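Just below is one structure, and these are the notes that go with it.
The values are calculated or read from the model by the stated rules, or taken from the named source; none is laboratory data. These numbers come from a predicted model, not from an experiment. Cβ sites come from the backbone with ideal geometry, for glycine too, and all protein chains shown count toward neighbours. Remember, those area values only see protein heavy atoms, side chains included, never the ligands or the DNA or RNA. Shrake-Rupley method; radii C 1.70, N 1.55, O 1.52, S 1.80 Å.
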Amino acid sequence: MKNIVLRSRFFVILNQTKTRSMTPSSILLTLLGYFTILMLISWRTGRDDSNTVFFIGGKNSRWYVVAFGMIGASLSGVTFISVPGWVGGAQMTYFQVVLGYMVGYLIVAAVLLPLYYRHNVTSIYQYLETRFGWVSYKTGAFYFFVSRVLGAAFRLFLVAMVLQQFVFNALGVSFEWTVILSIFLIWVYTFRGGIKTIVWTDTLQTTFMIAAVVLAIIFILNQMNLSVAQLMNSEAFDRYDQIFVFDHWQKKTYFWKSFIGGAFITICMTGLDQDMMQKNLSCRNLREAQKNMISFSVVLTAVTFVFLFLGALIFIYSEANQIGIPLMDGDPKTDLLFPEIALNSGLGPALGIVFFLGLIAAAYSSADSALTALTTSFCIDFLALKKQPETRQKTTRKKVHVGMSLLLIVVIIAYKYILSSNVIDSLLTVAGYTYGPLLGLFAFGIFTNYRIKDRYVFWVSLGSVAVITALGQIDPVYLGGYQLGYELLPLNGLLTFIGLWFIRDKSH
């Protein structure tokens, strides 16, 4: 096939120095150089390390900066590696979920953001105390805390897995120390500036991540002597291009199940999540926060499609060049195929550097904000920090920040021994269990005028989670072949809502 791809001198020069792989030392140097830049940003933004700046950025963040940075925080290392890796088994059907995300973002902008700004909250779960009472408030904060610890650990587990496979195994460093190093680096550049630092580091990290995926596509297409149009019209691409599934409604990937599930995932994992809302609450006013949310949703949808295209490309390239799925602990891991091609397939050091910068940018852009949000939630929601003497507040916050770092280390290491499926599939599945009670609580507060018997709220939510967990374990054979998927999340919220209805206070 004739090469009709226009190659710029830039890419020709970069590929003239092809090597079999990036060395562990070159990857480490890239990592250290990247974190030097993050530390400079942290120094610049963290000169005022007050709690107000740490928690909500002094309410002075530019909406377009927040919107661009949120792309990286939402996509994370899971999207950067796991979404392309998922294409091998599920083709591009994940895009159905992404279309649902867009609807969810519109609902967050129209319903939840006005609620938070009207109540002028620092932690969004303070709304539940105003609406229902102390137990509801703590219940909401508890489920966020569990959800965010598990979600952040999922994302960091993925990048630690790649660092271990391609860097630290060769240096004789154990996985546990890889995790400790990763968390320590995040702690170092977030412990002073908090959300103000995160807004700007997320912007840098999003830039690296998007540049990495675009350049990776260009490099691989260039190597295959193909244009984008040629690839999409090829028979090889036909094996990976399915987006919509309208037949077989019993399948987990059926369109309406994916679409509706995606909308509820966004409402919960963004709109009811302190991590994501903390950035929005740092905007100057409600209007700017809404502009941020809507513009962010459009760009995120387009960027995710590019990741899916990359996924099809790397599987086609691996088949053409007989590159097998990498093994980890003896098991094939499709999540490792993209790094294997970028670092070990002979495409040159330039692609390796671009990939690695994109990976650490994607992974840490979500993990650093999660660490800050966990610190905020624990201080505000569980320790009632604002009621403590001012002389102790900053010291308490810094101790909690260290504690949250240690907790993430423990959970990430545990994942090595218990996680078996694709990381993004595991992440979205767990969300169905942990975010459902938040969905039910907020929905009952917004759409009804009833008060409830607050002391029973936690037990209602726990019962709902138990029922959903039991449903999730049912073999599809006993459901006539029906595969439960992301609809478990809205179902969980519905069960919580019904439970709250039975404990409503009829005297009000």
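Extension gain for HIS119-LEU171 works out to 13.5 nm (0.36 nm per residue, less the C-alpha to C-alpha distance). In this structure VAL135 has an accessible area near 30 Å², from a 1.4 Å probe over the protein heavy atoms. Measuring max minus min along each principal axis, the C-alpha atoms of the stretch 239-311 give extents of 46, 26, 18 Å (largest first). For the stretch 82-133, the equivalent ellipsoid built from the Cα gyration tensor has semi-axes of 35, 13, 8 Å, listed from largest to smallest. A crude spin-label estimate for the pair THR130 and ILE325, with each label 7 Å from Cα along the Cβ direction, gives 4.9 nm.
Highest mean first, what order results for 386-396, 478-488 on Cβ atoms within 10 Å? Don't jump to the answer; show the numbers that get you there.
Details: 386-396: 11.0, 478-488: 15.5.
Top of the packing list down: 478-488, 386-396.
For the stretch 283-322, the equivalent ellipsoid derived from the Cα gyration tensor has semi-axes of 38, 7, 4 Å, listed largest first.
Applying the criteria of a DSSP loop state and at most 12 other Cβ atoms within 10 Å to the chymotrypsin sites (Phe, Trp or Tyr not before Pro) of the stretch 104-162 yields no site.
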